[in-house]
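Working notes, beginning with the structure itself.
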Amino acid sequence: MCRTYQRLTKAKHYSCHSIKEETLNKVVIMKLKDICINRIDKEKLRLIADEKIKNADNSRGCINELEDIKLKITTLNNNLDRTYTDHLRWLLLEKNFSRIYQKTKLKGNL
């Protein structure tokens, strides 16, 4: 109900009027839709969306690359552990172990 009507009811200078909340909501939503349709540049929004999708694809690519690197590190560590274990069991000669160790060290894997 109108606030002015509530104040001036006793003076009888103002008539009763009201609007349903549901009706008001519909009118406001229609007006907002109209404003959005007429003022939004769809091409600009499409470009923004395309950029966001491109960035999301890049981040997925980075995640996949990171997973590949982690797998390679794990594989190298496992190979190094096996090589060292073979050396400890005398299955690998000292000179071969040193060569493999130095080669791995030079590549920056250690």
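For the reader, a short list of remarks on this structure follows.
- Some residue of the range 34-50 being in a helix (DSSP H, G or I) and either small (Gly, Ala, Ser) or modelled with pLDDT under 75 (or both): yes
- Scope the range 67-101; condition hydroxyl-bearing (Ser, Thr, Tyr) and open to solvent by 100 Å² or more (accessible area, probe 1.4 Å); matching residues: TYR84
The values are calculated or read from the model by the stated rules, or taken from the named source; none is laboratory data. On a predicted model such as this, the values are computed, not experimentally measured, just so you know. SASA here: full protein model, heavy atoms, side chains in, ligands and nucleic acids out. Shrake-Rupley method; radii C 1.70, N 1.55, O 1.52, S 1.80 Å.
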